[in-house]
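The values are calculated or read from the model by the stated rules, or taken from the named source; none is laboratory data. Computed from a predicted model, the values in this text were never measured in an experiment. Backbone-built Cβ (ideal geometry, glycine too); neighbour counts: all protein chains shown.
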Amino acid sequence: MGQKLASFFTKAHQIGGLRAHIRLSVLTKMSWKAASNAPDVPEIIKRFQIAYKRIESEYK
């Protein structure tokens, strides 16, 4: 459960460190722990994809 969602936190951390990690939590309204335990359903994955793209634009 939540492997795909948790991977977004790893990628965010790689591009922007803790600040990007926290930013992803804010944008998705989900903590890393909650994402790790949540099912990888299309609606949530889409929310994470949108948030991650925004973080990419902010940190690159």
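At least 2 residues that are touching a residue at least 40 places away in the same chain (Cβ under 8 Å) and out of contact with any Leu (no Cβ under 6 Å at 6 or more places or on another chain) in each: list the helices (runs of 4 or more DSSP H) lying fully within the chain that qualify. Give the derivation first.
Values: elements: 3-28, 32-37, 42-59.
Filter on the chain gives 3-28, 42-59.
Within region 2-17, identify whether any single residue is at pLDDT 95 or above, hydrophobic (A, V, I, L, M, F, W, C) and in contact with a His (Cβ under 7 Å, 6 or more places away or on another chain), and answer yes or no.
Yes, the conditions are met somewhere in region 2-17.
For region 2-13, what are the residues that are at negative phi and surrounded by 11 or more Cβ atoms within 10 Å (Cβ to Cβ)? Step through it out loud before you land on a result.
Taking region 2-13 first, the residues at negative phi are 3-13.
Matches in region 2-13: K4, L5, A6, S7, F8, F9, K11, A12, H13.
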